[in-house]
Amino acid sequence: MTDSLPPQRQIRSFVRREGRITPAQMQALEQLLPRYGIPAQPRQLDMLTLFGRSAPVGLEIGFGNGEHLASLALARPDWNFIGLEVYRPGIGKLLQALAAQHCDHVRVESSDAQEFLRDRIVAESLDAIYIQFPDPWHKKKHHKRRLIQAAFAEILRDRLRPGGELQLATDWADYAEQMMEVLETLPGLRNLAGKGNFAPRPENRIPTKFERRGTRLGHAVFDLAFRKE
Ligand SMILES: C[S@@+](CC[C@H](N)C(=O)[O-])C[C@H]1O[C@@H](n2cnc3c(N)ncnc32)[C@H](O)[C@@H]1O
């Protein structure tokens, strides 16, 4: 007999897929993660220590191959950026781009964004959060795996500074509606496009692999932009 319940299995918003990793991406992981990676420590991040300077911080969740994050870092040398992804070939690609661009104001973490934001990001320490084309988990029985749910949305809001912005994009209409409902229901966030409205495409959002895929399939893209009050 035991008096403790087995630990609850965490519902993940991803499945680990290794895909094909090229020798160059593998080399980037080995050689560049020590430079761009975030040290594993059992405490919250101190941005000043992490970046060696004080600047606004933008964080992208699920950056895929890192096209958007690399272009953002190039366009905003006066910001610091954190990228979270679990797909190793994509992390390798971003690391290659960062080294080629000599971008030293980006840090990369290969772990579950839900846990990372909960455990390592200090409340009100982010100026922007970007989530582009999160896995749609389109079957109804998988909707529980979707990233944008009430509990995680609360964490996103709490990690933003007042005035900070949450940008999302998806090419799944019913996920766009779910995002809208979850975020508009949450106190402390204001829809920048006006209640119930999707936002115009932000100028920083360059087409990524998953947007191109959606376009090929004839999907419309929905942007959402919220500000923390
Ligand atoms: C559909 S892809 C979109 C990638 C990219 N944003 C784009 O537009 O091309 C979603 C990505 O989110 C990542 N992802 C999903 N859940 C995650 C989590 N909890 N933490 C970190 N990355 C996650 C997946 O590994 C995947 O690469």
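The values are calculated or read from the model by the stated rules, or taken from the named source; none is laboratory data. Note that the structure is predicted; figures quoted are calculated from it, not measured. Every residue, glycine among them, receives a Cβ derived from its backbone with ideal geometry; neighbour counts consider all protein chains shown.
Could you check, for region 26-34, whether at least one of its residues is assigned to a loop (DSSP other than H, G, I, E, B) and modelled with pLDDT of 95 or more? So far as region 26-34 goes, no, none of its residues is assigned to a loop (DSSP other than H, G, I, E, B) and modelled with pLDDT of 95 or more. What do you reckon, is Val57 within 14 Å of the chain's Cα centre (by Cα) and away from the ligand (no atom under 16 Å from the Cβ)? Considered against the rule, which asks whether it is within 14 Å of the chain's Cα centre (by Cα) and away from the ligand (no atom under 16 Å from the Cβ), Val57 comes out as yes. Name the residue that is nearest to the ligand (Cβ to nearest atom), counting only residues in region 190-216 that are more than 25 Å from Ala73 (Cα to Cα), free of Cβ contacts under 8 Å to residues at least 24 places away in the same chain and not in a helix (DSSP H, G or I). Per the criteria, the residue is Asn197. When restricted to residues that are in a loop (DSSP other than H, G, I, E, B) and either in contact with a strand residue (DSSP E or B) (Cβ under 7 Å, 6 or more places away or on another chain) or within 11 Å of the ligand (Cβ to nearest atom) (or both), region 89-130 contains 6.
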